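Undergrad: Can you keep this structure in mind? I'll have questions shortly.
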Amino acid sequence: MVPVVSRVSLELGKDTAKIVTPADAAAAQSRVRLILARPLTADGAVQIALLNNRGLQAGYNALGVSEADYVEASLPPSPTVSLERVAGSGDLDVERRLIADLLQLLTLPRRARIAETEFRAAQQKAIAATFRTAAEARRAWIRAVAARETVGFLETARASAGAAAELTRKLGETGASTKLDQARSGALYAEVSTELAEARLETAKEREALTRQLGLWGRDADFKLPGRLPGLPKLKPQGDVEAVALSRRVDIIADRLELDALAQGYGLTEQTRAISMLEVTGIANRARSAEGEKANPKGFEVAVQIPIFDFGKARSARARETYMGAVNRLLEKAVNARSEAREAYQTWRGRHDIARSYQARVLPLRRTISEESMLRYNGMLVDAFELLTNARENVASNVAAIRAKRDFFIADVDFQAALIGGGAPASATSAAVASASPASASAASPH
């Protein structure tokens, strides 16, 4: 876990830990509740997910399995001891055998290096899983807060529409307002009320999605969220995003390490392809005849399995094709990483420009239109229809502005994930590479 903790702290500025003992669980729970004591921020949501998400803990357990495999591969093969006793008609024959796999012993250093490389790849995968959990938690927080901000705005808009509908109705009782104006005013109130109901449903769904991502339940699920998203930040200049992605993405680093392990396994297969098994057996006998004569012969036996039908060519071809398949998948991932970095950067810039346009141009203009429409309505220069139309358009613009800001913050998360990794769950391609690792593939085994 040391490389995992170090890289997460460097890239995210957050802490992560593997929960092993009850004391670890208590410490994590104490920190989670300390964060939940205040309104939950995006950084707080990420920190809770890194300490409390059980799916991430399962990933750390997988890293522990890989470590155990590495330790096991670094140990010499266990010998086999056999004891045979045959007695009859006064004769006694006792045979003791000590059998050792000499080929496994001779290839132990090479196999240990392969296992170490695979273990380092597993560490990078654990880092990628941590980055993915952090990104998903931040996205879930952004969506939940944006939904809550939409509800807050629509509640205000519905209150205004309700007051306008009530005023129009009272004016209709005095004859100062037509039935058409009353119907239009009532329709606006009903439409905003419907939008508010949908927004409240969306808020409940997004909050539950955030709760699941944080691994919270019981009274911890009653956390508080801020009422609105933060303001738009100023964009910082970015360097060569393609080069950054190729050098920092942990999924590419993990695939490179797996490719190294496959290359080492291919070399091991080439070295042992003509011999599949080499066992040395030490033999010690003790015999006693019916006449009382004793004998203690000793010796050894060597067993060699030779693939006489293909001389190991099939295993060698399998290892070579497995290796070249991993090479091609890694090259494909490198090409895709470049494209993903460019796309994420363009989306990040574009979403910022759209959100900034709403904040700096669209909403100020909408406020001006609303104010001028009200003045003209009071001066009896326009009718209620134009006033209601402007109100409906104002609601739509403000909701769109909230969504544009939400989309920018999500694009910011996606951009960072495209640079360091953890943007999406592991693909079937990566799973295929893992399944062809030399520790599990018969091509890399001397047997």
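Undergrad: Can you name the number of the only condition in (1) part of a helix (DSSP H, G or I); (2) surrounded by 12 or more Cβ atoms within 10 Å (Cβ to Cβ) that residue 232 fails?
TA: (1)
Undergrad: Test each condition in (1) farther than 30 Å from residue 420 by Cα; (2) open to solvent by 20 Å² or more (accessible area, probe 1.4 Å) for residue 132 and report the one that comes out false.
TA: With respect to (1) farther than 30 Å from residue 420 by Cα; (2) open to solvent by 20 Å² or more (accessible area, probe 1.4 Å), residue 132 is out only on (1).
Undergrad: Give the range 1-32 a look and list any residue that's part of a helix (DSSP H, G or I), of a type in the set (Val, Ile, Thr) and either open to solvent by 60 Å² or more (accessible area, probe 1.4 Å) or touching a strand residue (DSSP E or B) at 6+ places or on another chain (Cβ under 7 Å) (or both), or say none.
TA: Hit for the range 1-32 is 2, nothing else.
Undergrad: Can you confirm whether residue 360 is open to solvent by less than 50 Å² (accessible area, probe 1.4 Å), at pLDDT 75 or above and in a helix (DSSP H, G or I)?
TA: no
Undergrad: Any idea how many residues of the range 320-376 are polar (S, T, N, Q) and more than 30 Å from residue 248 (Cβ to Cβ)?
TA: Count: 5.
Undergrad: For residue 219, are the conditions met, namely being open to solvent by 30 Å² or more (accessible area, probe 1.4 Å), assigned to a helix (DSSP H, G or I), at negative phi and touching a Phe, Trp or Tyr at 6+ places or on another chain (Cβ under 9 Å)?
TA: No: the conditions fail for residue 219.
Undergrad: Restricting attention to the range 37-49, which residues are under 26 Å from residue 128 (Cα atoms), open to solvent by 30 Å² or more (accessible area, probe 1.4 Å) and either in contact with a Pro (Cβ under 6 Å, 6 or more places away or on another chain) or in a helix (DSSP H, G or I) (or both)?
TA: Across the range 37-49, the qualifying residue is only 43.
Undergrad: Let me ask another. Being touching a helix residue (DSSP H, G or I) at 6+ places or on another chain (Cβ under 7 Å), part of a loop (DSSP other than H, G, I, E, B) and either of a type in the set (Gly, Ala, Ser) or surrounded by fewer than 17 Cβ atoms within 10 Å (Cβ to Cβ) (or both) narrows it down to one of 227, 162, so name that one.
TA: Being touching a helix residue (DSSP H, G or I) at 6+ places or on another chain (Cβ under 7 Å), part of a loop (DSSP other than H, G, I, E, B) and either of a type in the set (Gly, Ala, Ser) or surrounded by fewer than 17 Cβ atoms within 10 Å (Cβ to Cβ) (or both) holds for just one of 227, 162, which is 227.
Undergrad: Taking the residues in the range 193-211 that are closer than 14 Å to residue 225 by Cβ and β-branched (Val, Ile, Thr) as candidates, determine which candidate is most open to solvent (accessible area, probe 1.4 Å).
TA: Step by step, filter the range 193-211, then rank; the result is 203.
Undergrad: Something else now. Go through the range 170-184 and give me each residue that's surrounded by 14 or more Cβ atoms within 10 Å (Cβ to Cβ) and under 19 Å from residue 392 (Cα atoms).
TA: Of everything in the range 170-184, those that are surrounded by 14 or more Cβ atoms within 10 Å (Cβ to Cβ) and under 19 Å from residue 392 (Cα atoms) turn out to be 181, 182, 184.
Undergrad: Let me ask something additional. What residue, of 375, 381, 387, is over 30 Å from residue 264 (Cα atoms), outside any helix (DSSP H, G or I) and either modelled with pLDDT under 85 or of a type in the set (Phe, Trp, Tyr) (or both)? Break it down into steps so the answer makes sense when it comes.
TA: Values: 375 fails: outside any helix (DSSP H, G or I); 387 fails: outside any helix (DSSP H, G or I).
Checking each option against the conditions leaves just 381.
Undergrad: May I ask you to list the residues in the range 140-159 that are open to solvent by less than 30 Å² (accessible area, probe 1.4 Å) and within 20 Å of the chain's Cα centre (by Cα)? Full working, then the answer.
TA: Filtering the range 140-159 for residues open to solvent by less than 30 Å² (accessible area, probe 1.4 Å) gives 140-142, 144-147, 149-151, 154, 157.
Within the range 140-159, 140, 141, 142, 144 qualify.
Undergrad: Do the conditions hold for residue 190, that is, is it open to solvent by 30 Å² or more (accessible area, probe 1.4 Å) and assigned to a helix (DSSP H, G or I)? Explain how you work it out, then say what you get.
TA: Details: open to solvent by 30 Å² or more (accessible area, probe 1.4 Å): yes; assigned to a helix (DSSP H, G or I): yes.
Here the answer is yes, as residue 190 does meet what is asked.
The values are calculated or read from the model by the stated rules, or taken from the named source; none is laboratory data. What you see is a predicted model, and the numbers here were worked out from it, not measured in a lab. Quick reminder, even Gly has a Cβ in these numbers, built from the backbone with ideal geometry, and neighbours come from all protein chains shown. Calculation scope for accessible area: heavy atoms of the full protein, side chains included, ligands and nucleic acids excluded. Shrake-Rupley method; radii C 1.70, N 1.55, O 1.52, S 1.80 Å.
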